[in-house]
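The structure under discussion appears below in the form of structure tokens.
The values are calculated or read from the model by the stated rules, or taken from the named source; none is laboratory data. The shown structure was predicted, so the numbers you read here are calculated from the model rather than taken from an experiment. Please note: Cβ atoms are built from the backbone with ideal geometry, for glycine as well, and neighbour counts cover all protein chains shown.
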Amino acid sequence: MECFGSQGFTEWTRSALRRISVKGPDEEVRKEVLRGWDAVAKPLDGMGRFEALTAQIGAILGSPQIDIGKKAVLIFCADNGIVEEGVSQSGQEVTAAVAEEMGKGISSVGKMAAWVGADTIPVDIGIGSSGRIEGVLRRSIRCGTRNFKHMPAMTEEEAVRAVFTGIELAGDCKKKGYRLLATGEMGIGNTTTSSAVSAALLNCSAETVTGRGAGLDDERLLRKKRVIQEALEKYGLYDAEPFEVLRTVGGLDLAGLAGVCIGGACFHIPVVLDGVISLTAALLAERLVPGTRQFLLPSHKGREPAAGMLLKELDLEPVIDGQMALGEGTGAVMMFALLEMALCVYQKRTTFSDIRIEPYERYGRV
């Protein structure tokens, strides 16, 4: 199933997900953007990795005239049944409370997005409470996942619906004229689900990838690691297909985020990743639909132990290393601002001919 340019998916099934294939970014546009950077009156590669990142955006959008003026962060909110095992400091009621603040635009990501001129699109994909939250897009699959200590977190149908929800929301954003997306999330317990999924995908122990999340003490951290490791072994997840890993120990927010990454590849819209939960979803998306990673941009390396490992596996290098652990998409939105500043140099470039000096000669690209 070639999905680029399609207006929607006629079926939401696991077989349909398997059939998705993506058309890569436009390499000629990438080269043209890089040549444009070389014409700017500055040392060659003087803007460092921002030259390659903006060239990637141009290649994804299919134009050297790069415009990311209309941008948004999609924030998937969901609860996780594994919280019953005491793996988090807060209760599930916090997810709905923070989602309500997001709906009003007054959470951390809302304030940051407003400053950089981006829209926030909070999505209820599985909040534990059943009520509608003003300002939050309701796409609820179920009111939180099951406790994966005792049973798989989702059915196959639920996991598929969550992934396709993310894909279709990315497509909707494309049709509405958005040129750049970011991934965000909110859900108590989702550092547990992301640690479980990343451990399985990276074939490593829970001890290696699991961190303190929102500030666990030593006792709860040990419990969190034990719960994850027991589930990995109980369900045989080191040998499982990526989709089975997702539905067994993943979260609805993770599934939706993976869908946004796949949607970015399907509809050729660049997606800026946030921290460890977004990175887990990104690796999951790449395993589900190979080639997805070509449409993903890094932002920051967070505090969680898995972050560096996931970035390495995705062959992405973070731009920001601020030891952030806020979530919500805040690191990705911060990256929006950096990309805008870099692009103002490219878009309003002063060339060597403008200042009547000889251009530098290129002998290789760093």
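Structural remarks
- Pairing residues of segment 192-203 that are at pLDDT 95 or above with residues that are part of a helix (DSSP H, G or I) and acidic (Asp, Glu), at Cβ distances under 7 Å and at least 6 apart in sequence or on separate chains, gives 202/313.
- Restricted to segment 206-287, the set of helices (runs of 4 or more DSSP H) holding at least 3 residues that are aliphatic (A, V, I, L, M) comprises 218-234, 242-249, 252-267.
- For segment 348-366, the set of residues classified as surrounded by 14 or more Cβ atoms within 10 Å (Cβ to Cβ) and either under 30 Å from residue 112 (Cβ atoms) or modelled with pLDDT of 85 or more (or both) consists of 349 only.
- Filter result for residue 66 (crowded, with 19+ Cβ neighbours inside 10 Å, in contact with a helix residue (DSSP H, G or I) (Cβ under 6 Å, 6 or more places away or on another chain) and under 30 Å from residue 196 (Cβ atoms)): no
- Failed condition for residue 310, given (1) closer than 30 Å to residue 179 by Cβ; (2) without any contact (Cβ under 8 Å) to a residue 60 or more places away in the chain: (2)
- Selection within segment 221-241: residues that are without any contact (Cβ under 8 Å) to a residue 24 or more places away in the chain and of a type in the set (Asp, Glu). The member of this set that is surrounded by the fewest Cβ atoms within 10 Å (Cβ to Cβ) is 239.
- Verdict on residue 58 being more than 30 Å from residue 127 (Cβ to Cβ), loosely packed, with under 15 Cβ neighbours inside 10 Å and at pLDDT 95 or above: no
- Hey, residue 54 polar (S, T, N, Q), in contact (Cβ under 8 Å) with a residue 12 or more places away in the chain, touching a strand residue (DSSP E or B) at 6+ places or on another chain (Cβ under 7 Å) and outside any loop (DSSP other than H, G, I, E, B) or not: no
- Exactly one residue out of 72, 99 is out of contact with any His (no Cβ under 7 Å at 6 or more places or on another chain) and either polar (S, T, N, Q) or not in a strand (DSSP E or B) (or both): that is 99.
- Within segment 313-366, the residues that satisfy the criterion of being over 30 Å from residue 94 (Cβ atoms) and without any contact (Cβ under 8 Å) to a residue 40 or more places away in the chain are 315, 341, 344, 348, 353, 356, 358, 361, 363, 364.
A quick yes/no check of all residues on (1) charged (D, E, K, R); (2) under 21 Å from the mean Cα position of the chain (by Cα); (3) at pLDDT 90 or above:
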{"position": "20", "(1), (2), (3)": "no, yes, yes"}
{"position": "30", "(1), (2), (3)": "yes, no, yes"}
{"position": "36", "(1), (2), (3)": "no, no, yes"}
{"position": "46", "(1), (2), (3)": "no, no, yes"}
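- Among the residues of segment 291-301, not a single one is under 21 Å from residue 140 (Cα atoms) and within 10 Å of the chain's Cα centre (by Cα).
- Matching entry among 340, 328 (being in a helix (DSSP H, G or I), within 22 Å of residue 74 (Cα to Cα) and of a type in the set (Asp, Glu)): 340
- Residues satisfying the stated conditions in segment 162-205, i.e. more than 15 Å from the chain's Cα centre (by Cα), crowded, with 24+ Cβ neighbours inside 10 Å, not small (Gly, Ala, Ser) and not in a helix (DSSP H, G or I): 188
- Residue check for residue 52: of a type in the set (A, V, I, L, M) and either surrounded by 19 or more Cβ atoms within 10 Å (Cβ to Cβ) or farther than 21 Å from residue 179 by Cβ (or both): no
- Qualifying residue in segment 127-135 (condition: touching a Cys at 6+ places or on another chain (Cβ under 6 Å), in a loop (DSSP other than H, G, I, E, B) and surrounded by fewer than 20 Cβ atoms within 10 Å (Cβ to Cβ)): yes
- Within the option set 130, 108, being polar (S, T, N, Q) and in contact with a helix residue (DSSP H, G or I) (Cβ under 8 Å, 6 or more places away or on another chain) holds for one residue only, 108.
- No other residue among 79, 26, 45 is in contact with a strand residue (DSSP E or B) (Cβ under 8 Å, 6 or more places away or on another chain) and surrounded by 17 or more Cβ atoms within 10 Å (Cβ to Cβ) apart from 79.
- Number of the exception - residue 264 against (1) out of contact with any Ser or Thr (no Cβ under 7 Å at 6 or more places or on another chain); (2) within 18 Å of residue 212 (Cα to Cα); (3) of a type outside the set (A, V, I, L, M, F, W, C): (2)
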